[in-house]
Structures are given as structure tokens and as C-alpha cells.
Amino acid sequence: MNSPAPIKVGVLGARGRMGSEAVRAVGEAPDTELVAAVNREDSLDALVSEGAQVAVELTHPDSVLDNIRFCVDNGIHVVVGTSGLGTAELDQVRSWLAERPEVGVLVAPNFAIGAVLSMRFAEIAAPFFDSVEIVELHHPKKADAPSGTAARTAQVVSQARAEAGRGPSPDATTKELDGARGADVDGVRVHSVRMTGLVAHQEVLFGGEDETLTVRHDSYDRRSFMPGVLLGIREIGSRPGLTVGLESLLGL
Ligand SMILES: NC(=O)C1=CN([C@@H]2O[C@H](COP(=O)(O)OP(=O)(O)OC[C@H]3O[C@@H](n4cnc5c(N)ncnc54)[C@H](OP(=O)(O)O)[C@@H]3O)[C@@H](O)[C@H]2O)C=CC1
Ligand SMILES: O=C(O)C1=N[C@H](C(=O)O)C[C@H](O)C1
């Protein structure tokens, strides 16, 4: 029996840290074929002319929305890794998809399987502890802070606490230097570290009476994101509309 034709994939941000890794992974997988490697100076039209079925978006928070729109308008499914999409931007993507209901867009704050699991573990733990704070640690070339992963983690933790009837984490601070207590994301304090030698790391710290729990994830190399990128490419064609996070693709 013949195996199905490989999925034709275009990578946006192809020479970037993530993009170059995605180009390699797509080229090596037996069921995907790289048909377009798009850089900043290239036209997105290459995606159309080369017949890309799925685009992988790994550029910059400033360009990601325009690129998604181009793909949706041209009937190309999109796997988005670029961070910086908040509620308003996701609503915008939904409105474009309403015009093209056959197209799928996956926005994955983090492609690493361990990171996705760590977010779920944090969500499970959230109702049981008085205090929660997040520390995310990344390489110093990262453009955005806090990370998309930390923002998403804060969101799910905050929602789980609210559903359990938990109020804010206790905090008596009345005098502080700007930034000393981190950013407030949905009521959760998020601290961003940028440091040479790091790739992508996160700790979610929970505190209860006489105990703490730390949920930590480390990506030591961008190869760690590739199984999630390939899973997204394989699945998005059969998931029209907007999907946020890899959780549902992993059966979580
Ligand atoms: N979801 C996940 O698991 C992960 C997400 N990310 C996210 O992916 C994004 C990219 O990260 P990273 O690879 O480290 O960043 P890089 O800066 O290394 O790569 C981004 C690339 O995109 C290019 N670029 C910028 N604007 C455009 C555009 N309009 N069209 C096409 N290409 C463009 C840049 O070009 P030039 O070289 O000319 O500047 C660069 O090559 C970030 O938002 C990051 O947070 C990163 C890791 C994992
Ligand atoms: O820029 C990065 O490197 C990463 N970005 C994503 C984020 O903002 O969460 C995912 C991962 O943390 C690596």
C-alpha cells in the first residue's frame, strides 16, 4: 500500500534560532516536506506558489499577526510558535477564521512536551496552595517578557484558583522598587530572568502551610521543541478553527 503524500510545509522565520531547527526537523521527518523557507526579506507568496499546506510561524511578535492573516486568507493552516498573542489578538485570529472555516490555526505557547505537562501540573496544583509565583528564565536574545509560556501558565493557574474560590496570594508589600515584585499577569506575579547560557526554563512556585512545591521545566536545546512542532503540523489539517496549546493534541 502506498503511504500518503508528505505534508507540504513552509517555515516563516526560517533562518532564526527556532526556524532553522524547524527547517531541519521538517526536512528529516518522513511525512513532511519543506517547500518554502521564508525569511524577513522574502515574499509570503512563496507559500502559495510552492503549494504549502501548513505554515510554521516562528518570527517575531510584531509580524506574527500579519503572517497568520496572510495564511488564513490563502487557505493555509498555521502552526504558530511565536509568542506575544494575547486575548485581543486571538479574538482577531478567530474573526479571520470565521471567514475561512476550513482552515486551522494552532497557537502553541510552548512546543516542548515537558513544558505542556508542567503547565497542566501547575493547573492541578493551583487550588491547593495559598501562594503562587512564576519565575521564567531565558536566553538574553529573547524579545518579549514575560515569556508566552509564563503568560499562559499564569492564566491557567489564575483560572484554577478562581474556580476553587481562592483569593490573591498573600503579600504585605507596601513599599517597593519598580519591578521588584515582577509583573502581575492575571493576579499572578511573574519574574523574568534573561541570562547568557540559558535556553528556556520555568519554575512555578507554590506555597502552603509549612510546605512549598516547585514545578520546573528546562529546555536545554531547541531540539526539545521539534516533536511538538511536528505534532502540530501533522494534526492541524484536521482541526479547523483556533486551537490554543498542544494539550488537546496530546489528549490532556
Ligand atoms: N512556542 C515555542 O515552543 C517556542 C516559541 N518561540 C518563539 O518563537 C519566536 C522566534 O524565536 P527565535 O527563533 O528565538 O527568534 P530569532 O530572532 O532567532 O528568529 C526569528 C526569525 O524571524 C525572522 N523574521 C522577523 N520578522 C520576520 C517577518 N516579518 N517575516 C519573516 N521572518 C521574519 C528574523 O529575521 P532576521 O534574522 O532578519 O531578524 C529571524 O530570522 C519568538 O517569539 C519566540 O518566543 C521560541 C522557542 C520555542
Ligand atoms: O523565545 C524563546 O526562546 C521561547 N519562547 C517561548 C515563550 O515565550 O514562552 C517558548 C519557550 O519558552 C522559548
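Annotations for the structure displayed:
- Scanning segment 208-218 for residues that are crowded, with 16+ Cβ neighbours inside 10 Å and out of contact with any helix residue (DSSP H, G or I) (no Cβ under 7 Å at 6 or more places or on another chain) yields a count of 1.
- Residue pairs whose Cβ atoms lie under 6 Å apart, sitting 6 or more positions apart in sequence or on different chains, and linking a residue in segment 191-209 that is in a strand (DSSP E or B) to a partner that is away from ligand 1 (no atom under 16 Å from the Cβ) and basic (Lys, Arg), are GLU203/ARG216.
- When we screen VAL26, VAL93, VAL56 for residues that are crowded, with 18+ Cβ neighbours inside 10 Å, in a strand (DSSP E or B) and in contact with a strand residue (DSSP E or B) (Cβ under 6 Å, 6 or more places away or on another chain), the only hit is VAL56.
- Cβ-Cβ contacts under 8 Å between residues 6 or more apart (or on different chains), taken from a first residue in segment 49-60 that is closer than 23 Å to ALA5 by Cβ to a second residue that is open to solvent by 70 Å² or more (accessible area, probe 1.4 Å), are listed as GLU50/LYS8; GLY51/LYS8; ALA52/LYS8; GLN53/LYS8; VAL54/LYS8.
- Close contacts from segment 143-170, counting a first residue that is under 9 Å from VAL188 (Cβ atoms) and a second that is open to solvent by 60 Å² or more (accessible area, probe 1.4 Å) and modelled with pLDDT of 95 or more, with Cβ to Cβ under 7 Å and a gap of 6+ residues or different chains, come to ALA154/ASP186; GLN155/ASP186; VAL157/GLU123; SER158/ASP186; SER169/ASP130.
- GLU33 within 16 Å of ligand 1 (Cβ to nearest atom) and either charged (D, E, K, R) or without any contact (Cβ under 8 Å) to a residue 24 or more places away in the chain (or both): no
- Of the set (1) among the hydroxyl-bearing types (Ser, Thr, Tyr); (2) surrounded by fewer than 18 Cβ atoms within 10 Å (Cβ to Cβ); (3) in contact with a Ser or Thr (Cβ under 7 Å, 6 or more places away or on another chain); (4) within 23 Å of ILE113 (Cα to Cα), all apply to SER147 but (2).
- Residue list for segment 230-245, filter: under 24 Å from THR87 (Cβ atoms) and either without any contact (Cβ under 8 Å) to a residue 60 or more places away in the chain or assigned to a helix (DSSP H, G or I) (or both): GLY232, GLU235, ILE236
- Hits in segment 1-23 (condition: in a helix (DSSP H, G or I) and in contact with a helix residue (DSSP H, G or I) (Cβ under 8 Å, 6 or more places away or on another chain)): ARG17, MET18, GLU21, ALA22
- Subset of segment 74-93 [more than 21 Å from ARG17 (Cβ to Cβ) and either within 15 Å of ligand 1 (Cβ to nearest atom) or in contact with a helix residue (DSSP H, G or I) (Cβ under 7 Å, 6 or more places away or on another chain) (or both)]: ASN74, ILE76, HIS77, GLY86, GLU89, LEU90, GLN92, VAL93
- Single condition GLY114 does not satisfy, out of (1) in a helix (DSSP H, G or I); (2) within 12 Å of ligand 1 (Cβ to nearest atom); (3) surrounded by fewer than 23 Cβ atoms within 10 Å (Cβ to Cβ); (4) free of Cβ contacts under 8 Å to residues at least 60 places away in the same chain: (4)
The values are calculated or read from the model by the stated rules, or taken from the named source; none is laboratory data. Just so we're clear, the structure is a prediction, and the values are computed from it rather than from any experiment. Every residue, glycine as well, gets a Cβ built from its backbone with ideal geometry; the counts of neighbours run over all protein chains shown. The protein model used for the area step is the full one, side chains on, heavy atoms only, and it has no ligands, DNA or RNA in it. Shrake-Rupley method; radii C 1.70, N 1.55, O 1.52, S 1.80 Å.
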